[in-house]
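FYI, it's all coordinate maths here, none of it is from the lab. Worth saying up front: this structure is predicted, and the values here are computed from it rather than measured. All Cβ positions, glycine included, derive from the backbone under ideal geometry; neighbour counts span all protein chains shown.
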Amino acid sequence: MANVTKNRPLSPHLQIYKFIPTMAMSIMHRITGAALYFGTVLVAAWLIAAASGEENFNEVNGLFGSLVGQIILFGYTWALLHHLLGGLRHMMWDLGYGFEKEFSTMLAKANLVASIGLTVLVWIVVLLVR
Amino acid sequence: MDMRTPLAKVRGLGSAKSGTEHFWKVRTTSIALTPLLLFYVGFLVMYVGRPYADVVGALSNPFVATINALTVIASVIHMRLGMEEVIQDYVHNESMKLLFIVLNAFFSLLIGGLCLIAVLKIAFAG
């Protein structure tokens, strides 16, 4: 019998393809997913601080309120919204819709624009409420 | 010596030995997380920068605490499966792959445990 493991056809990898919006957003989906993964440490820190008394809470809030903290939280907001919108695109594809070239390219671009727009909107509201 | 044919090996469960379970769990948790996280973002927008008593008061509301706990549970499952897929794609050394998959499971459960206890402590004890 033929060696099935060694004789499998190889699929071409990243560098073979032209860099296109859907590809870029696929990569961004992974990167934002990984960022959200490690960012859960921040969520845990905030919840634990809130659970362990006023002093700890104010300390963590102070860190999050610093310039570096705010930049990280802004990035985290964007990663969340970008991954969420990307997830909706994936859900559409899973259901069998939206595979047309122009449409999926348009949606890939819209994903980036919408995630940045929504992030800025969320932060404008945050700054107005505070 | 494995007497089974290649077809018999992959029939039903595929090369990952778990069929579509992984895929299905990622999708169901993502459906759950869409409204949960939108609520979460809304909550944070309303309570960011507010004093301790306000925030803890809001977090101890039973409805908010339930949303919070569900978000933590769905997130932990989703993040673990997502990172597992990334590890399986990029780590080719078998023992390193196993090590990272175990570490991934431990990290996800640790984060989930910490968040869940914090959420429940605020809900029950303030």
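Take the residues in region B:71-96 that are of a type in the set (V, I, T) and in contact with a helix residue (DSSP H, G or I) (Cβ under 6 Å, 6 or more places away or on another chain); name whichever of them is surrounded by the fewest Cβ atoms within 10 Å (Cβ to Cβ). Top of the filtered list is B:V91. Residue-level check: of (1) among the polar types (S, T, N, Q); (2) more than 9 Å from chain B (Cβ to nearest Cβ); (3) within 24 Å of A:R130 (Cβ to Cβ), A:T22 misses just (3).
Please determine whether any residue of region A:59-79 is in contact (Cβ under 8 Å) with a residue 60 or more places away in the chain and not β-branched (V, I, T). Checked against the condition, which is being in contact (Cβ under 8 Å) with a residue 60 or more places away in the chain and not β-branched (V, I, T), region A:59-79 yields no hits at all.
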